[in-house]
1. For a quick check: with amide H placed at 1.01 Å from N, whose amide H comes under 5 Å from V81's, ignoring anything fewer than 5 positions away on the same chain?
2. I'd like to compare 201-210, 42-51, 90-99: which one has the highest average count of other Cβ atoms within 10 Å, and what's the full order after that?
3. Counting only protein heavy atoms, what percent of the accessible surface of region 114-162 is carbon or sulfur at a 1.4 Å probe?
4. Taking 0.36 nm per residue of separation and subtracting the Cα-Cα distance, what length does fully extending T55 through D103 add?
5. Want the number for R66 to T93: 0.36 nm per residue separation, take away the alpha-carbon distance, what's left?
6. I'd like the Karplus ³J(HN,Hα) series for region 89-97: coefficients 6.51, -1.76, 1.60, θ = phi - 60°, whole numbers in Hz, and an x wherever there's a Gly or Pro.
7. Express the relative contact order of the chain as a whole percentage, based on alpha carbon pairs under 8 Å and six or more residues apart in sequence.
8. Any chance you could run the full-extension gain for Q180 through T19? It's 0.36 nm times the residue separation minus the Cα-Cα distance, nm to one decimal.
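The values are calculated or read from the model by the stated rules, or taken from the named source; none is laboratory data. Here the structure is a predicted model, which is why all the values come from computation and not from measurement. Here Cβ is always computed from backbone atoms with ideal geometry, including for glycine, and neighbour counts include all displayed protein chains. Quick note on the areas: whole protein, heavy atoms, side chains included, nothing else; ligands and nucleic acids left out. Shrake-Rupley method; radii C 1.70, N 1.55, O 1.52, S 1.80 Å.
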Amino acid sequence: MNPEPAFNGLYVPLVTPFTTDLRLAPDALARLADEALSAGASGLVALGTTAESATLTAEEQQTVVRICSAACRAHGAPLIVGVGTNDTAAAITSLRELAAAGDVAAALVPAPPYIRPGEAATLAHFTALAEHGGLPLVVYDIPYRTGQTLSAGTIAALSRLPGIVGIKHATGVIDATTVQVLGAPQPGFAVLGGDDVVLSPLVAAGAHGGIVASANLRTADYADLISLWHRGSVAPARSLGAELARLSAALFAEPNPTVIKGVLHAQERIPSPAVRMPLLAASAGTVHRAALLAGSRARQVSPA
């Protein structure tokens with residue numbers, strides 16, 4: 001019997017709240033972290049793409065990790081931290097620093113972006129990180145950002161490496177590779193959905209959970225969706241999955257996390273909808289449509 005992976009259920013990659021003048025809003029971040037875990041999330045992800053991590057200073061990144069670590073400690077939940085670089089040596093250094101700081105359960109690391117080193121080099125990259133980084137790794141397979149696709153064979157090889165504990169599967173489709181990955185799971189290796197709109201069918205097909213940006217909103221419902229599929233409650237899972245897919249589509253109608261932040265601000269949960277350039281704030285009309293799907297907590301936002 002295959003052991004269950006350490007990472008299953010819902011993981012919420014938190015936004016980074018800013019003030020209107022684009023300063024970090026630590027109190028708002030602490031509230032979001034506590035709310036997500038109180039609502040049923042299994043854990044949090046800090047410094048993911050949703051957190052606008054590329055625009056944060058090193059000091060701000062440390063603050064975000066510290067706040068999320070404290071929330072996870074209080075709830076007895078794991079924290080995953082994003083580490084994104086196409087420099088293997090730099091990634092190892094970042095992983096070692098996180099490992100030394102403690103309180104980080106795993107790192108979420110994309111396949112080397114932009115330079116497209118190929119699958120053999122990508123496997124060598126992750127082997128080096130797993131051997132020398134000092135932290136368990138969740139591979140982030142997102143080809144429409146990295147520029148390269150990982151085959152089922154490469155994913156299987158990654159899943160057998162000691163220290164690689166899961167994959168965030170965000171290929172944009174459920175295809176033959178997805179079916180192969182879910183059909184022959186490595187013991188203890190988690191497959192986590194990363195494309196919010198197709199989270200429901202992915203979990204239905206055997207995924208262990210998801211890293212779901214949309215779950216900054218309606219966290220309890222996204223956690224329930226995963227739980228319903230795992231319990232075999234097909235009819236309510238299908239119904240809730242279809243409803244949440246409509247919400248996710250609305251939240252990704254403009255670049256992430258602009259709409260999510262707009263709705264969180266409309267719900268008075270963060271001090272502003274501000275994002276840092278090169279992102280621009282989502283349009284009022286898009287936020288209004290998403291807010292209606294996000295639930296009764298959202299106050300009215302006048303459409304453009």
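1. Those lying under 5 Å, H to H, from V81 are A46, A106, A107, L108.
2. Values: 201-210: 22.6, 42-51: 25.3, 90-99: 17.9.
Answer by packing, highest mean first, reads 42-51, 201-210, 90-99.
3. On the way: 1290 of 2230 Å².
In region 114-162, the share of accessible area belonging to carbon and sulfur is 58 percent.
4. Values: separation 48, 0.36 × 48 = 17.28 nm, distance 2.35 nm.
Additional length available on full extension: 14.9 nm.
5. Working: separation 27, 0.36 × 27 = 9.72 nm, distance 1.84 nm.
Here the answer is 7.9 nm.
6. Karplus values, whole Hz, x for Gly and Pro: 5, 5, 5, 4, 4, 4, 5, 5, 5.
7. Numbers: 595 pairs, mean separation 59.2, N = 304.
So the answer I get is 19 percent.
8. Values: separation 161, 0.36 × 161 = 57.96 nm, distance 4.49 nm.
Stretched out fully, the Q180 to T19 stretch lengthens by 53.5 nm.
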